[in-house]
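Any read-out appearing in this document is the output of simple, stated calculations on the displayed coordinates, not a laboratory observation. A quick note: this is a predicted structure, and the numbers were derived from the prediction, not measured. Note that we place each Cβ from the backbone using ideal geometry, even for glycine, and neighbour counts take in every protein chain shown.
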């Protein structure tokens with residue numbers, strides 16, 4: 001029985017990994033293309049959650065799943081055009097500071113508009129409840145969430161690896177100068193990638209809002225986990241991030257099984273261990289221009 | 001290096017200082033009245049968490065104390081002097097104690113007030129005792145603050161965990177939720193959670209409850225799924241929550257999400273966290289120190305004024321900070337002083353304070369705990385809520401009107417408080 005219980009935690013950890021993945025993918029995407037560690041990623045997640053509450057109240061939850069990422073995507077256009085674009089070739093510390101500052105500004109703006117108190121958020125009643133498969137218990141909502149994450153992940157992978165768009169982006173990651181020599185302007189590609197990145201963050205906000213607390217600091221909360229996942233996976237590596245998200249989910253679940261109080265600390269210990277042996281992360285690629 | 005146009009050169013710094021001095025002198029000459037008014041203010045150092053897992057409660061706390069300060073100042077202040085409440089984010093126990101020390105040394109505050117986190121309240125009360133300044137600990141509920149860690153300079157307003165457990169205990173025993181039941185408990189992993197767990201364990205043992213699982217949850221946990229699986233693996237009859245702040249909201253939401261069948265009981269839930277859980281997620285019976293539907297004239301007037309100002313009903317932390325500053329003002333007026341010793345003597349005289357409740361309260365002299373009524377609350381049946389603030393259903397005050405106020409509190413025999421300092 002003990003073994004089944006442990007296995008249940010492992011399976012749940014995989015589901016939880018999907019939850020982390022949605023945030024980590026966008027973060028990793030923006031880093032690999034622009035070389036910018038977007039510390040404001042959590043802010044877009046929080047905006048996504050707040051916009052979704054407003055939309056849900058008027059048009060229902062289904063509409064908010066579509067509208068909120070679109071709205072945040074538009075914000076992403078402005079974010080890339082007026083802010084990020086200036087920092088692609090600058091000292092990375094500058095973009096870190098700017099995005100960190102933006103995260104603080106957004107958090108305070110949310111506090112000014114909606115107040116510091118968490119807002120009530122609930123999922124549609126039909127998603128509530130569990131699915132029992134053999135010995136294992138699953139939340140119906142989280143299985144649905146996992147499916148959404150899988151679709152997003154697959155779509156992003158196909159976009160990056162099977163389309164002309166993706167080829168330009170990947171070439172741009174390695175040799176932006178060569179891409180320019182070939183007469184391709186990278187700017188619109190950058191904008192698109194940032195929009196996709198922040199829109200997935202917003203989608204995360206929409207989907208996690210009903211099961212966690214919608215409050216101004218929710219972005220900072222999730223940002224820490226997303227960042228740990230990306231660092232473990234290797235900045236810029238697609239499959240590295242996927243692997244790391246699942247690993248963090250499983251390690252957290254197993255730790256809680258044996259030592260509940262150490263649940264949150266486990267992922268930092270994991271990060272420490274991985275960085276000791278693989279400073280570039282699990283599957284981190286060598287990107288010349290960041291060396 | 002040339003020294004006439006470099007910003008860091010000594011001559012310019014000197015000039016800068018001289019300008020400041022001149023400006024200062026000019027100001028002193030020109031507006032003596034203004035300067036005197038400045039030094040006339042009674043500074044109140046107010047610390048409360050504005051970020052982190054208790055941040056939402058801290059916002060209500062700040063709203064409450066500000067409203068009280070505005071009312072007091074509009075009515076002429078205290079001893080003819082206006083109150084100046086300086087609010088700061090206490091962040092964590094270390095920062096809280098640093099800020100408390102700085103408020104005393106640099107800002108010259110007359111008293112310290114506030115706090116919600118028991119861990120931060122503990123470090124602030126140590127600073128208060130070292131500096132011989134009064135600290136009114138408003139929202140911290142850990143028993144040890146008024147027990148083994150009590151001191152002469154600290155007074156406690158909110159109900160301690162023992163009272164919280166006892167306030168719903170009777171109802172739980174009556175509903176046969178404890179006796180012979182297998183109970184699984186989750187507790188917040190910091191001072192308050194540990195203390196609440198201790199009180200809960202004592203209560204379960206006294207009423208033949210059988211604690212089969214007992215886990216600590218880090219305060220920054222937002223995902224509870226692994227804990228929910230552990231609960232189900234334990235197959236309990238009852239789930240008991242000793243969580244705090246955002247933890248409670250996340251837990252009850254995810255509990256509803258996973259659809260676990262075991263009834264939930266809990267000993268700590270603030271109305272703000274209950275509101276955030278959303279209709280349809282919450283169940284169980286919980287204790288509270290005050291609620292916005294209390295039908296006393298004082299509470300009604302307070303709620304009306306608060307709603308008018310902030311567009312939403314006050315939460316229990318708004319109320320408690322509001323009455324706390326009013327109590328402090330009363331003490332200063334009656335003691336005719338802001339001196340620590342005189343204020344302590346006034347509070348220790350067990351003077352009565354209007355808490356906007358049916359019965360007045362007083363600080364017990366030997367452990368500095370405010371004696372007051374508490375209330376159990378449950379959730380209205382589905383579909384009965386008028387709006388998103390309205391799904392909570394509040395019970396009658398405990399202790400009952402004919403019982404002594406001290407009925408639910410720790411007795412002298414159980415309390416290890418020895419006043420020092």
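Is it true that some residue in the range B:352-369 is in contact (Cβ under 8 Å) with a residue 12 or more places away in the chain, on the phi > 0 side of the Ramachandran plot and either out of contact with any strand residue (DSSP E or B) (no Cβ under 8 Å at 6 or more places or on another chain) or within 14 Å of chain A (Cβ to nearest Cβ) (or both)? Show your work before the answer.
To start, the set of residues in the range B:352-369 that are in contact (Cβ under 8 Å) with a residue 12 or more places away in the chain comprises B:353-359, B:361-369.
Applying the additional criterion that residues be on the phi > 0 side of the Ramachandran plot yields B:356, B:368.
With either out of contact with any strand residue (DSSP E or B) (no Cβ under 8 Å at 6 or more places or on another chain) or within 14 Å of chain A (Cβ to nearest Cβ) (or both) added as a condition, the list becomes B:356.
Scanning the range B:352-369, I find at least one residue that is in contact (Cβ under 8 Å) with a residue 12 or more places away in the chain, on the phi > 0 side of the Ramachandran plot and either out of contact with any strand residue (DSSP E or B) (no Cβ under 8 Å at 6 or more places or on another chain) or within 14 Å of chain A (Cβ to nearest Cβ) (or both), so the answer is yes.
For the list (1) free of Cβ contacts under 8 Å to residues at least 60 places away in the same chain; (2) closer than 16 Å to residue B:150 by Cα, I need the number of the one condition that residue B:102 fails.
Only one criterion is unmet by residue B:102, namely (2).
Please indicate, with yes or no, whether at least one residue in the range A:83-99 is within 14 Å of chain B (Cβ to nearest Cβ) and touching a residue at least 12 places away in the same chain (Cβ under 8 Å). Even if it seems obvious, please write down each step before you answer.
Taking the range A:83-99 and keeping what is within 14 Å of chain B (Cβ to nearest Cβ), we get none.
No, every residue in the range A:83-99 fails to be within 14 Å of chain B (Cβ to nearest Cβ) and touching a residue at least 12 places away in the same chain (Cβ under 8 Å).
Being surrounded by 23 or more Cβ atoms within 10 Å (Cβ to Cβ), within 7 Å of another protein chain (Cβ to nearest Cβ) and more than 19 Å from residue B:392 (Cα to Cα) is the requirement here; does residue B:257 meet it?
Values: surrounded by 23 or more Cβ atoms within 10 Å (Cβ to Cβ): yes; within 7 Å of another protein chain (Cβ to nearest Cβ): yes; more than 19 Å from residue B:392 (Cα to Cα): yes.
Yes.
Within the range A:163-172, which residues are in a helix (DSSP H, G or I) and free of Cβ contacts under 8 Å to residues at least 60 places away in the same chain? Walk me through it before giving the result.
Step one: list which residues in the range A:163-172 are in a helix (DSSP H, G or I), which gives A:164-172.
Once the filter is applied, which keeps residues that are in a helix (DSSP H, G or I) and free of Cβ contacts under 8 Å to residues at least 60 places away in the same chain, the range A:163-172 yields A:164, A:165, A:166, A:167, A:168, A:170, A:171.
For the range B:327-346, how many residues are in contact with a strand residue (DSSP E or B) (Cβ under 8 Å, 6 or more places away or on another chain) and part of a helix (DSSP H, G or I)? Can you show your working first?
Step one: list which residues in the range B:327-346 are in contact with a strand residue (DSSP E or B) (Cβ under 8 Å, 6 or more places away or on another chain), which gives B:327-330, B:332-333, B:338, B:340, B:343-344.
Now drop any that are not part of a helix (DSSP H, G or I), which leaves B:327-330, B:332-333, B:340, B:343-344.
Adding up the residues that qualify gives 9.
Going by what's in this entry, would residue A:140 be described as touching a strand residue (DSSP E or B) at 6+ places or on another chain (Cβ under 6 Å) and either touching a residue at least 24 places away in the same chain (Cβ under 8 Å) or surrounded by 13 or more Cβ atoms within 10 Å (Cβ to Cβ) (or both)? It would help to see each step written out before you state the result.
Details: touching a strand residue (DSSP E or B) at 6+ places or on another chain (Cβ under 6 Å): yes; either touching a residue at least 24 places away in the same chain (Cβ under 8 Å) or surrounded by 13 or more Cβ atoms within 10 Å (Cβ to Cβ) (or both): yes.
It is true that residue A:140 is touching a strand residue (DSSP E or B) at 6+ places or on another chain (Cβ under 6 Å) and either touching a residue at least 24 places away in the same chain (Cβ under 8 Å) or surrounded by 13 or more Cβ atoms within 10 Å (Cβ to Cβ) (or both).
If you take the residues in the range B:178-207 that are exposed (fewer than 15 other Cβ atoms within 10 Å of the Cβ) and more than 19 Å from residue B:163 (Cα to Cα), which one is farthest from the chain's Cα centre (by Cα)?
Our first condition is that a residue be exposed (fewer than 15 other Cβ atoms within 10 Å of the Cβ); within the range B:178-207, this holds for B:179-180, B:202, B:205-206.
Next, only the ones that are more than 19 Å from residue B:163 (Cα to Cα) stay: B:179-180.
Values: B:179: 32, B:180: 34 Å.
Restricting to residues being exposed (fewer than 15 other Cβ atoms within 10 Å of the Cβ) and more than 19 Å from residue B:163 (Cα to Cα), the top hit is B:180.
For residues that are part of a helix (DSSP H, G or I) and without any contact (Cβ under 8 Å) to a residue 40 or more places away in the chain, tally how many sit in the range B:72-87.
As a first pass, look at the range B:72-87 and keep what is part of a helix (DSSP H, G or I): B:72-74.
In the following step, the residues that additionally are without any contact (Cβ under 8 Å) to a residue 40 or more places away in the chain were identified as B:73-74.
Of the residues in that region, 2 qualify.
Please specify each residue of the range B:274-300 satisfying the condition of being within 13 Å of another protein chain (Cβ to nearest Cβ), within 19 Å of the chain's Cα centre (by Cα) and under 25 Å from residue B:204 (Cα atoms).
B:274
What's the total number of residues in the range B:370-393 that are within 14 Å of chain A (Cβ to nearest Cβ) and more than 19 Å from residue B:356 (Cβ to Cβ)? I'd like the intermediate steps shown before the answer.
Looking only at the range B:370-393, we keep the residues that are within 14 Å of chain A (Cβ to nearest Cβ), and these are B:379, B:382-383, B:385, B:387-392.
In the following step, the residues that additionally are more than 19 Å from residue B:356 (Cβ to Cβ) were identified as B:379, B:382-383, B:385, B:387-388, B:390-391.
So the answer is 8.
Taking the conditions exactly as written (within 19 Å of residue B:295 (Cβ to Cβ) and in contact with a helix residue (DSSP H, G or I) (Cβ under 6 Å, 6 or more places away or on another chain)), does residue B:408 satisfy them or not?
Values: within 19 Å of residue B:295 (Cβ to Cβ): no; in contact with a helix residue (DSSP H, G or I) (Cβ under 6 Å, 6 or more places away or on another chain): yes.
No: the conditions fail for residue B:408.
Tally the residues that are in contact with a strand residue (DSSP E or B) (Cβ under 7 Å, 6 or more places away or on another chain) and either part of a strand (DSSP E or B) or touching a residue at least 24 places away in the same chain (Cβ under 8 Å) (or both), restricting the search to the range B:374-387.
Filtering the range B:374-387 for residues in contact with a strand residue (DSSP E or B) (Cβ under 7 Å, 6 or more places away or on another chain) gives B:374-380.
This time we only want the ones that are either part of a strand (DSSP E or B) or touching a residue at least 24 places away in the same chain (Cβ under 8 Å) (or both), so: B:374-379.
Count: 6.
If we scan the range A:11-33, do we find a residue that is crowded, with 22+ Cβ neighbours inside 10 Å and over 17 Å from the mean Cα position of the chain (by Cα)?
Checked the range A:11-33: at least one residue is crowded, with 22+ Cβ neighbours inside 10 Å and over 17 Å from the mean Cα position of the chain (by Cα).
Return the only residue of B:238, B:212 being over 30 Å from the mean Cα position of the chain (by Cα) and either farther than 27 Å from residue B:92 by Cα or more than 10 Å from chain A (Cβ to nearest Cβ) (or both). Reasoning before the result, please.
Values: B:238 fails: over 30 Å from the mean Cα position of the chain (by Cα).
So the residue among B:238, B:212 that is over 30 Å from the mean Cα position of the chain (by Cα) and either farther than 27 Å from residue B:92 by Cα or more than 10 Å from chain A (Cβ to nearest Cβ) (or both) is B:212.
Sort through A:212, A:255, A:163 and tell me the only one that's within 14 Å of another protein chain (Cβ to nearest Cβ) and farther than 29 Å from residue A:104 by Cβ.
Working: A:212 fails: farther than 29 Å from residue A:104 by Cβ; A:163 fails: within 14 Å of another protein chain (Cβ to nearest Cβ).
Exactly one residue qualifies, and that residue is A:255.
Tally time: how many residues in the range B:388-421 are crowded, with 16+ Cβ neighbours inside 10 Å and part of a helix (DSSP H, G or I)?
2
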